[in-house]
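See below for the structure under consideration.
The values are calculated or read from the model by the stated rules, or taken from the named source; none is laboratory data. Remember, it's a predicted structure, so these values are computed and weren't measured experimentally. No Cβ is skipped: glycine too gets one built from the backbone with ideal geometry, and neighbour counts run over all protein chains shown.
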Amino acid sequence: MAGFLVRNFLQRLVLLVIVSVMAHALVHLAPGEPNEVDPSNPRMKAEDVAKLRAAFHLDEPLYLQYAYWVRDLFTGELKSFKDSQPVLPKIWERFLNSLPLFIGATLIVWTLSFPTGIHAAVRRGSYYDRGSTFVAYALISIPGFFLSYLVILWVVDTFGVPVIGMRTFGMEDAPLLHRGMDYLWHLTVPSLMSAVAGIAILSRYVRSQMLEVVGQDYVRTARAKGLDEDTVVYRHALRNALLPFVTMFGLMLPELIGGSVIFEQIFAWPGIGRLSYDAILARDYPVVLTVNLIAAVLTLAGTLISDILYAVVDPRIRLT
Amino acid sequence: MNTLRSTAEPTSGRAPDVSPQSPWRLFWQVLRRDRLAMGGLAVLAVLAVLALGGKTLTEWAVVFDPAAVRLIDKFRSPLAEASPLLSEADRPPGGIYLLGTDELGRDVFARMLQGAFVSLSIGFVAVGISMAVGIVLGGLAGYYGEVRLGFITLDTLIMRFTEAMLCFPTLFLILVVVVLLPPSIYNIMIVIGLTRWMGTARFVRAEFLSLREQDFVVAARALGLPAWRIMFVHMVPNAMAPVLVTATIGVASAILTESALSFLGFGVQPPFATWGNILADGRAYIFDAPWLFFIPGLAIFVVVLAFNLLGEGMREALNPKLRTRR
């Protein structure tokens, strides 16, 4: 176990370096420079541009720029090109905004997909099964922003509540309870919308896992013993079907960053997805590279966690 | 689909008694019973005709002109008649706008026809690229896995690269490239393709690892066939099943990705019309001209759904565990 951990940790560390080098090369080799974003600005004289380029090491060779980036990242002195703010606090602040959205969406996905998927698997071939299959595929086939616009219009029309942004303008002085309710309303629709695709995918996955398990001998044995259907499905079948889902907790971590760009843009949610989108537009390389590194760390940590969790819950698996 | 036919036909030609046992025949029999998948296939057949017909009618023999600007006829609702003041050259066929006009008086039906071909070609070219890269890299890793390059094996090298690519959030990576490169439809196709080959590569590698030890490959090697021939003529067709499923669903998600990019303003730029950018432009007029928003949105929805249902049907038909229980 310890050997497995050390080896995997080291492998992932190497992979992380490769990823960051690749990202660095990609961003810097692409045409366009950070100081060219606003070429029409009359206040930017040639010497200002030169000063900027010198301040951000843009005239150094690529490997030196990479070294500067790594050094600044670990000493915490990495500054954004755009506003010279330290990058890490900037990302942290946006990360805290994204977190409730992610948690809300995850809760909705997991609470809705399991009942839907289990029910569909138990009644394989029924109208419910085929209907939920169709609805699941319909949900992943709608362009996210198309559905979101329709839902925004509907929610605003029927309930008359604001859904754009994180809070209603002018609510700063309201009592805590009102502010909290306002925040909840703002949170509901975006998390529901980012959960839509997840519900569809996860409920399909639950269904297929359950189908595999329901055909096993031990389920037939449980039925033959005369157990009632609920005990068979929930105690004998579901427990075994659950194994792969334990690992999905780990695999979902990177969604925290990658999955949010579109929805944060639609709902004007000042989260990490919008931060990175704006950073890409402004060619703010330190922010882009750091967000990308965090995403890679989350992905690698996620796979490691899911491997470990699998070994914890499934005694048949030995990590060597 | 070509590989489908080429592997199924020789069997049916020479030995008709055996033909029902051919795996592709079996696959088709199962798939045919899946009504949702067949519905998807029918929609896609209609779409193929529409896209080709649309390409013909909007570019080669211009009946519907998607670029004609008619400022007196802007925001006409679907089935509205064209204004009598229009010059003969600008009149839509039959004098009727089938799906209305947009903010510049362009015929939405003509633009949707043109966009069908562009959207589909984005989907197919992107998936073609990702399949090609995935098959080549996965095949090399699976076939030449043990070859050492210095201190690491080829397999390790390719699979570590695949894992590194998986660490990038896809939309994030696409955005970086699309924003930094000059906007062009080819860049978008290539970028979408190059960011989604990792699944294919892993599938193909896994299939190759098991195929490599099978008798027909050993026999082919004993005959002295060149390695590329063994890989691409003998092994790839046997590893195609999961790849085709991924590809079918991949086309759907490439079309969705293009529309998401259009929403962010980095999709295919004018003069090309795609369903994604018609939809993204239409959202500004959702109250005044709802057809500009709903027509492309529903069109994308139906087509993507058709691809997804067909892909799911194929997956079920190829899954031996589920098949035996029918």
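What single numbered condition from (1) in contact with a Leu (Cβ under 7 Å, 6 or more places away or on another chain); (2) crowded, with 18+ Cβ neighbours inside 10 Å; (3) not charged (D, E, K, R) fails to hold for A:VAL189?
Checking A:VAL189 against (1) in contact with a Leu (Cβ under 7 Å, 6 or more places away or on another chain); (2) crowded, with 18+ Cβ neighbours inside 10 Å; (3) not charged (D, E, K, R), the one that fails is (1).
Is one or more of the residues making up the range B:84-106 in a helix (DSSP H, G or I), of a type outside the set (D, E, K, R) and farther than 30 Å from B:ALA306 by Cβ?
Within the range B:84-106, one or more residues are in a helix (DSSP H, G or I), of a type outside the set (D, E, K, R) and farther than 30 Å from B:ALA306 by Cβ.
Might you let me know whether the range B:232-245 holds any residue that is in contact with a helix residue (DSSP H, G or I) (Cβ under 8 Å, 6 or more places away or on another chain) and within 14 Å of chain A (Cβ to nearest Cβ)?
yes
Does A:GLU36 fit the bill of being more than 31 Å from the chain's Cα centre (by Cα), within 14 Å of chain B (Cβ to nearest Cβ) and either surrounded by 11 or more Cβ atoms within 10 Å (Cβ to Cβ) or modelled with pLDDT of 80 or more (or both)?
yes
May I ask you to list the residues in the range A:276-320 that are hydrophobic (A, V, I, L, M, F, W, C), more than 9 Å from every other protein chain (Cβ to nearest Cβ) and within 26 Å of A:ARG53 (Cβ to Cβ)?
A:ALA279, A:ALA282, A:VAL287, A:LEU289, A:LEU293
What number of residues within the range B:270-319 are among the small types (Gly, Ala, Ser), more than 17 Å from B:ALA116 (Cα to Cα) and in contact with a helix residue (DSSP H, G or I) (Cβ under 6 Å, 6 or more places away or on another chain)?
3
Filter the range A:251-293 for residues that are outside any helix (DSSP H, G or I) and polar (S, T, N, Q) and give the result.
A:SER260
Can you tell which of A:LEU153, A:LEU139 is over 27 Å from B:GLY250 (Cα atoms) and within 14 Å of chain B (Cβ to nearest Cβ)?
A:LEU153
May I ask you to list pairs of residues, at least six apart or on different chains, whose Cβ atoms are under 8 Å apart, with the first in the range B:153-176 being small (Gly, Ala, Ser) and the second being buried (at least 22 other Cβ atoms within 10 Å of the Cβ)?
Once the first residue is small (Gly, Ala, Ser) and sits in the range B:153-176, its partners that are buried (at least 22 other Cβ atoms within 10 Å of the Cβ) give B:ALA164/A:VAL19.
Which one of the conditions (1) crowded, with 17+ Cβ neighbours inside 10 Å; (2) part of a helix (DSSP H, G or I); (3) of a type outside the set (Phe, Trp, Tyr) does B:GLY39 fail to meet, given that it meets all the rest?
Every condition holds for B:GLY39 apart from (1).
Taking A:THR168 and the conditions (1) in contact (Cβ under 8 Å) with a residue 24 or more places away in the chain; (2) more than 27 Å from B:GLU258 (Cβ to Cβ); (3) outside any helix (DSSP H, G or I), which numbered condition does it fall short on, given that it satisfies the others?
Here A:THR168 clears every test but (1).
Kindly indicate whether any position in the range B:131-154 is in contact with a Gly (Cβ under 7 Å, 6 or more places away or on another chain), of a type in the set (Asp, Glu) and either over 20 Å from B:ASN308 (Cβ atoms) or buried (at least 22 other Cβ atoms within 10 Å of the Cβ) (or both).
No, the range B:131-154 contains no residue that is in contact with a Gly (Cβ under 7 Å, 6 or more places away or on another chain), of a type in the set (Asp, Glu) and either over 20 Å from B:ASN308 (Cβ atoms) or buried (at least 22 other Cβ atoms within 10 Å of the Cβ) (or both).
Find the residue count for the range A:105-136, including only residues that are within 29 Å of B:LEU264 (Cβ to Cβ) and within 11 Å of chain B (Cβ to nearest Cβ).
Selection size over the range A:105-136: 2.
Just to verify a result, which residue in the range A:209-246, among those that are among the polar types (S, T, N, Q) and surrounded by fewer than 20 Cβ atoms within 10 Å (Cβ to Cβ), is farthest from the other protein chains (Cβ to nearest Cβ)?
Restricting to residues being among the polar types (S, T, N, Q) and surrounded by fewer than 20 Cβ atoms within 10 Å (Cβ to Cβ), the top hit is A:THR231.
Considering only the range B:276-293, state which residues are more than 9 Å from chain A (Cβ to nearest Cβ) and in a helix (DSSP H, G or I).
Across the range B:276-293, the qualifying residues are B:ASN277, B:ILE278, B:ASP281, B:GLY282, B:ALA284, B:TYR285, B:TRP291, B:LEU292.
Given the criterion surrounded by 14 or more Cβ atoms within 10 Å (Cβ to Cβ), touching a residue at least 40 places away in the same chain (Cβ under 8 Å) and under 23 Å from A:MET210 (Cα atoms), identify the matching residue among A:ARG124, A:ARG130.
Being surrounded by 14 or more Cβ atoms within 10 Å (Cβ to Cβ), touching a residue at least 40 places away in the same chain (Cβ under 8 Å) and under 23 Å from A:MET210 (Cα atoms) holds for just one of A:ARG124, A:ARG130, which is A:ARG124.
Give the number of residues within the range B:49-77 that are in contact (Cβ under 8 Å) with a residue 60 or more places away in the chain and either surrounded by fewer than 16 Cβ atoms within 10 Å (Cβ to Cβ) or among the hydrophobic types (A, V, I, L, M, F, W, C) (or both).
Residues flagged as in contact (Cβ under 8 Å) with a residue 60 or more places away in the chain and either surrounded by fewer than 16 Cβ atoms within 10 Å (Cβ to Cβ) or among the hydrophobic types (A, V, I, L, M, F, W, C) (or both) within the range B:49-77 amount to 7.
What are the pairs, 6+ residues apart or on separate chains, where a residue within the range B:300-321 that is facing chain A (nearest Cβ under 9 Å) and free of Cβ contacts under 8 Å to residues at least 40 places away in the same chain has its Cβ under 6 Å from a residue that is part of a helix (DSSP H, G or I) and not β-branched (Val, Ile, Thr)?
From the range B:300-321, the pairs are B:PHE301/A:SER141.
Could you check the range B:269-290 and list, in sequence order, the residues that are crowded, with 22+ Cβ neighbours inside 10 Å and over 19 Å from B:ASP65 (Cβ atoms)?
Answer for the range B:269-290, where residues must be crowded, with 22+ Cβ neighbours inside 10 Å and over 19 Å from B:ASP65 (Cβ atoms): B:GLY276, B:LEU279, B:ALA280, B:GLY282.
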